Amino acid sequence: MVTKVYSAALQGVDAKEVEVEVNSHNSEKFGINIVGLPDAAVRESSQRVLAAISNSALKIGNGIHTVNLAPADIRKEGPSFDLPIAIALAAAGMEEDIPEADQFMIVGELALDGTIRPVKGVLAIALEARNQGRRELIVPEQNAKEAAMVEGVTVYGMSHLHAAWRLITGQEAFLPFQYDRKALFEKQRSYSIDLADVKGQGQVKRALEVAAAGNHNMLFVGPPGTGKSMMAKRLPTILPPLSENEAIETTKIHSVAGRLEDKESLLVTRPFRAPHHTISDAGLLGGGSHPGPGEVSLSHNGVLFLDELPEFRRQTLEVLRQPIEDKSVTISRAAGSLSFPSHFMLIAAMNPCPCGYYGDAKRECRCSPHQIENYRRRISGPLLDRIDLHVEVPLIEYKDLKSKQKGESSQIVRERVLAARARQKERFAGHSDVYSNSAIPSGLMDDYCRVDTASSQILEQAMNTLNFSARAHDRILKVARTLADLVDQEWIQSEHVLEAIQYRTLDRKLLM
């Protein structure tokens with residue numbers, strides 16, 4: 001007798017449907033053989049499944065039981081196949097029909113007593129169930145809220161193998177898990193921090209607004225204690241709120257990586273990731289023996305903050321160049337390639353020198369010229385070219401620090417950012433791959449970033465004087481386009497070009 005149920009295997013940040021087939025063959029010997037490219041965790045499931053079935057008032061018949069996980073050319077990883085294997089084995093052993101097996105997709109890890117434990121990647125599995133036309137999804141009880149974020153699939157959160165068995169065989173009716181997704185958005189779409197918390201630094205906050213309005217990458221340079229990290233953490237509060245599709249896409253990555261907390265079913269605020277400078281290439285970009293998403297993908301649709309930028313290994317920084325340009329990361333292994341989305345805003349911070357006080361009017365720098373040069377050369381020119389705004393962050397004046405006057409709130413700044421983004425959305429309506437000024441391709445620069453004669457002369461003089469690269473030239477025009485959008489002007493003016501050039505001069509200083 002062959003019994004078939006459906007489950008799913010994770011591939012990168014997506015899921016692929018897997019057929020769990022069980023064939024039972026009468027024999028004096030007893031055994032369970034799992035085939036179909038299983039890893040060690042899947043092969044070990046036979047022992048967990050046997051104990052769980054015997055402790056759940058179910059049974060397996062005598063003989064040799066072959067479990068095939070198809071398609072066989074996809075690697076099956078993790079314990080999420082325990083529950084579908086147990087149900088298929090029990091159905092074959094008890095010769096019980098599963099009336100609507102083709103309507104269910106099943107995932108879950110089993111404890112020895114039959115308890116169903118949570119697994120990772122449930123959101124991606126729920127999306128795959130909908131894509132494959134499976135109307136019902138059985139998941140661990142702790143994962144039910146996450147799976148319920150996908151419309152079009154009826155989700156059942158089960159706590160025990162016996163309950164899942166009674167549900168799928170039609171012996172007992174269970175209420176599906178239901179959750180108000182829109183209410184979740186309204187309840188959790190808020191931040192505990194605000195841009196108004198930052199004292200002074202008006203010019204730097206202006207640059208932060210420009211970066212948010214055009215989705216531009218940004219570099220803070222300043223001595224310790226000037227608020228670089230504080231302002232970077234508040235960038236998500238002025239960015240446009242996540243759409244439902246963005247939230248699902250972002251949550252899927254965190255779920256696959258096992259980074260979704262139990263209390264979270266959906267990430268409704270933009271992620272902010274700040275890895276330590278000791279991080280490895282694989283930790284930042286993704287990879288490993290079984291490739292998973294790295295920090296650049298965990299910050300997808302959000303902010304990647306690299307504090308103390310020169311302290312990162314140069315090789316680690318250089319691997320950022322591809323995801324910054326392509327908005328995705330491709331990990332190649334002998335078994336195949338996986339792609340992870342990495343559409344993030346890069347915000348970096350650094351000191352002007354190793355001690356942090358070079359150029360400070362009040363504190364003396366203790367670094368030698370050679371030390372300063374070596375420190376600054378840790379950041380390559382090609383990487384700096386990909387960072388649109390370079391902003392010097394000065395020390396905060398005492399009067400600003402003690403001032404009782406509050407600065408603009410994140411909500412006020414976000415309204416201006418949203419207005420600028422709306423203009424960009426209207427402008428690029430005919431280009432599906434262009435979502436903001438920072439993403440304008442070279443072929444469209446002349447159409448959307450045209451400048452008058454006076455602005456062209458200013459830009460030419462800056463290029464000749466400061467030796468900007470061609471990439472830097474385009475970045476200046478993109479930033480100028482954003483500055484014009486912030487004041488609702490159709491064409492770029494000279495003042496916009498001048499301000500954009502001001503945000504680019506620092507990369508030349510760093511290479512002096």
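The values are calculated or read from the model by the stated rules, or taken from the named source; none is laboratory data. It should be emphasised that the depicted structure is a prediction, and the values quoted were computed from it without experimental measurement. Every residue, glycine among them, receives a Cβ derived from its backbone with ideal geometry; neighbour counts consider all protein chains shown. Each accessible area value is taken on the protein alone, full model and side chains, heavy atoms only, with ligands, DNA and RNA left out. Shrake-Rupley method; radii C 1.70, N 1.55, O 1.52, S 1.80 Å.
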Problem - Those lysines that a straight Cα-Cα span of less than 19 Å connects to residue 120, excepting residues fewer than 8 apart in one chain - result: 16, 76, 145, 252, 263
Problem - Student exercise, the range 198-256 dipole from Lys, Arg, Asp, Glu Cβ charges, in Debye to nearest 20 - result: 400
Problem - Among 457, 159, 330 - extreme Cα towards positive end, dipole of the chain, charges at beta-carbon - result: 457
Exercise for the section: With a bin width of 10 angstrom, please list the P(r) values of the range 1-160 as percents of all Cα-Cα pairs, from the 0 bin to the one holding the largest distance. Expected result: 12, 44, 36, 7, 1
Practice task
Please give, to one decimal in nm, the separation of the simple spin-label points placed at residue 373 and residue 274, each 7 Å out from Cα toward the Cβ.
Solution key: 3.4
Handout entry: Cα lying deepest toward the dipole's positive end in the chain, options 286, 83, 65, charges on Cβ
Key = 286
Exercise for the section: Express the carbon and sulfur contribution to the solvent-accessible surface of the chain as a percent, rounded to the nearest whole number, probe 1.4 angstrom. Expected result: 47
Problem - DSSP-loop trypsin sites (Lys or Arg not before Pro) across the range 79-161, with at most 15 other Cβ within 10 angstrom - result: 135
Fill in the blank from the handout: Here the equivalent ellipsoid of the range 339-403, derived from its Cα gyration tensor, has semi-axes (largest first, whole Å) of 28, 21, 9
Problem - Length-normalised contact order of the chain in % [C-alpha pairs under 8 Å, at least 6 apart] - result: 13
Completion exercise
Most packed first (mean Cβ within 10 Å per residue), the peptides 219-229, 353-363, 167-177 order as 219-229, 353-363, 167-177
Problem - the range 252-296: trypsin sites (Lys or Arg not before Pro) in DSSP loop, at most 12 other beta carbons within 10 Å - result: 263
Completion exercise
One finds, for residue 322 and residue 425 with R0 = 25 angstrom and r their Cβ-Cβ distance, a FRET efficiency to the nearest 0.05 of 0.40
Exercise for the section: Would you list the P(r) distribution for the range 89-179, with all Cα-Cα distances sorted into 10 Å bins from 0 and each bin expressed as a whole %? Expected result: 18, 51, 29, 2
Problem - Within the chain, helix-based [θ] at 222 nm, where runs of 4 or more DSSP H residues each add -39,500 (n - 2.57), nearest 500 - result: -10500 deg cm²/dmol
Practice task
Report, by chain and number, residues whose modeled amide H sits under 5 Å from the one on residue 219, excluding near sequence neighbours (fewer than 5 apart, same chain).
Solution key: 348, 389, 390, 391
Problem - Dipole magnitude of the range 29-171 about its Cα centre (Cβ charges: Lys, Arg +1; Asp, Glu -1), debye to nearest 20 - result: 200
Handout entry: Cα-centred dipole magnitude for the chain, charges only on beta-carbon of K, R (+1) and D, E (-1), debye, nearest 20
Key = 1660
Completion exercise
Any GluC sites (Glu not before Pro) in the range 341-402 that lie in a DSSP loop and have at most 14 other Cβ atoms within 10 Å would be 364, 397
Handout entry: Heavy-atom surface of the chain, accessible at 1.4 Å and reported per residue (Å²)
Key = 45
Exercise for the section: Sort 279-286, 473-480 for me by packing, meaning the mean count of neighbouring Cβ atoms within 10 Å per residue, highest on top. Expected result: 473-480, 279-286
Completion exercise
Taking the convex hull of the alpha-carbon atoms of the chain and averaging its shadow over every direction gives an area in square nanometres of 27.8
Exercise for the section: Using only C-alpha atoms and all pairs of different ones, pull out the Kirkwood radius for the range 221-338 in Å with one decimal. Expected result: 15.5
Fill in the blank from the handout: Applying the gyration tensor rule to the Cα atoms of the range 305-416 (axes a ≥ b ≥ c; rounded if a/c under 1.5, else prolate if a/b exceeds b/c, else oblate), the class is oblate
